[in-house]
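The values are calculated or read from the model by the stated rules, or taken from the named source; none is laboratory data. Computed from a prediction, not measured in an experiment: that's the story for all the values here. Here the Cβ positions follow ideal geometry from the backbone for every residue, glycine too, while neighbour counts run over all protein chains shown.
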Amino acid sequence: MQYSTKGLKAGLLLSIAALALPATAQVKLGLIDMYGGGFAAQADAIRTGFQIAVDEANAAGGVKGDKFVLSTADMGISVEKAITEARRMILDDKMKFVTVGSHSGAAVALAELVKSQNTLGLGAFATTKRFTGEDGNPLTARGNLSTVEIGRIIAEHIKGMPNVRRIATIAPDFEFGKHFVEDFIAALKVVRPDIVIVRQEWPKFGAADFTPQATALQASQVEMIVSALFSGDLINFLKAAKDYDLFGGGAKLFTSGADLIKMAAIKDSIPEGTLVTVWYPFYAISNPENTRFIEEVRKRTNTYPVGSTVVGYVSGKMLTQAIMRAKNPADPQSVADAMTNLEFASPVGPVKVRGCDHMALYNFYVGAIKKEAGMPDGIGVTGVKAYNTTSYARSCEDIAKVRKR
């Protein structure tokens, strides 16, 4: 039997040519969040939304053919662990784009870190105003509103409730909670100076037992309790509130972020009619992006999206789109510059990123808890009202002033 040397030579040449071709480069993205304990569901939802945005960018060609790759790290609830992971991503994994998912304190620490590392720091859900405000810099950006906008929107909603004259607050005792209460009270003084803040409760972040807070609030004799508790903290507080019949005497609850996890987790403990802020009442929104996103989330998770999912998506979208449109996609400052006036469609309508602080502006919602069979898992929000954060955000002039302090 005879063999053709021409075929062997051709095959050898093709193999050598293939080895000579450079491997497809990766655009590495880091995401740090609380993937364990009572906040894992929220962190997982953020990651799902972020990954959908990454996959869409890759399907569109990535960065001149280079694909985005998302890597995650668990910080527990420790700011120190978050920064250790951020340093590893930046120094060891050579990442130029690092995102903190939920924790406001970790976001502020990241803002400080990126100043010296030529890295773009993105806050996904983290709502501390300091991240892109007081402690912000040209290399920080946010995919969510801050406590300033949340406080102003809640105050605006309460403005038309003349029977509410005495309010108590409850918020986790860390960065986000402190600013939530501070910004809410500041906004309330503008629109309803007659309202008195009777009591403030500051449970430890991640607390398991909210009995002391429930009993103290019960004795405060208020018409409304405004809460900044979320995820596991909200679940545990509502259990204690139910045990002590906190809302049986006429006090009404207004809680922020009821849909950061599935509301089925609070279905049996949250009173019907409770006022809530939500990021994503998908069942009350009608647009093609929303329909497509719901189906994509269902395919990946076999369930429906929550508010954290859409915030993760917006965060991933603004980052990947900015990298793809940047003059120099490998340069964090060039990517930050490309965020200015970036616009794209989302499940909650148009999103626009403004230039002065790289903050994504889009709809935020207020409504009342409704329990009925037609809602996801039998619970949802009715009387939904959209508030566009553009109308409630601090001005760019204010941002410039607080950054100079």
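When restricted to residues that are within 24 Å of Gly133 (Cα to Cα), surrounded by 13 or more Cβ atoms within 10 Å (Cβ to Cβ) and among the hydroxyl-bearing types (Ser, Thr, Tyr), region 374-405 contains 4. Of the numbered criteria (1) of a type outside the set (Phe, Trp, Tyr); (2) crowded, with 22+ Cβ neighbours inside 10 Å; (3) not assigned by TED's automatic domain parsing to the domain that holds Asp173, the one Glu295 fails is (2).
Annotation note: of Val226, Val222, the sole residue that is within 25 Å of Phe125 (Cβ to Cβ) and in contact with a strand residue (DSSP E or B) (Cβ under 8 Å, 6 or more places away or on another chain) is Val226. Of all residues in region 65-86, those that are modelled with pLDDT under 95 have Cβ atoms under 7 Å from Cβ atoms of residues that are among the polar types (S, T, N, Q) and surrounded by fewer than 18 Cβ atoms within 10 Å (Cβ to Cβ), 6 or more apart or on another chain, in Gly65/Thr24. Pairs are defined by a Cβ separation below 9 Å, a sequence spacing of at least 6 or placement on different chains, a first member in region 209-227 that is free of Cβ contacts under 8 Å to residues at least 24 places away in the same chain and farther than 17 Å from Gly177 by Cα, and a second member that is assigned to a loop (DSSP other than H, G, I, E, B) and of a type outside the set (Gly, Ala, Ser); the pairs so defined are Pro212/Pro203. Comparison of Gly355, Gly349, Gly312 shows that the only residue that is over 15 Å from Phe50 (Cα atoms) and in contact with a Ser or Thr (Cβ under 7 Å, 6 or more places away or on another chain) is Gly355. Of all residues in region 202-223, those satisfying the criterion of being within 26 Å of the chain's Cα centre (by Cα) and either under 16 Å from Gly249 (Cβ atoms) or of a type in the set (A, V, I, L, M) (or both) are Ala207, Ala208. Against the conditions (1) of a type in the set (A, V, I, L, M, F, W, C); (2) under 15 Å from Val276 (Cβ atoms); (3) assigned to a loop (DSSP other than H, G, I, E, B), Phe254 satisfies every one except (3). Scanning region 249-268 for residues that are within 17 Å of Thr215 (Cα to Cα), in contact with a helix residue (DSSP H, G or I) (Cβ under 9 Å, 6 or more places away or on another chain) and either surrounded by fewer than 17 Cβ atoms within 10 Å (Cβ to Cβ) or outside the structural domain of Ala214 (by TED's automatic domain parsing) (or both) returns a single hit, Gly249. If only residues of region 87-125 that are part of a loop (DSSP other than H, G, I, E, B), over 13 Å from Thr72 (Cβ atoms) and in contact (Cβ under 8 Å) with a residue 40 or more places away in the chain are counted, the one that is nearest to the chain's Cα centre (by Cα) is Phe125. For beta carbons closer than 7 Å, sequence separation of 6+ or different chains, a first residue in region 378-405 that is in the same structural domain as Val278 (by TED's automatic domain parsing) and over 14 Å from Asn137 (Cα atoms) and a second that is of a type in the set (Val, Ile, Thr) and part of a strand (DSSP E or B), the qualifying pairs are Ile379/Ile369; Val381/Val276; Val381/Val278; Val381/Ile369; Lys385/Val366; Tyr387/Val366. Within region 169-182, the set of residues being surrounded by 22 or more Cβ atoms within 10 Å (Cβ to Cβ), within 18 Å of the chain's Cα centre (by Cα) and either in a helix (DSSP H, G or I) or among the polar types (S, T, N, Q) (or both) comprises Glu175, Phe176, Gly177, His179, Phe180.
Can you confirm whether Asn290 is more than 27 Å from Ala216 (Cβ to Cβ), out of contact with any helix residue (DSSP H, G or I) (no Cβ under 9 Å at 6 or more places or on another chain), among the polar types (S, T, N, Q) and modelled with pLDDT of 95 or more? In short, no.
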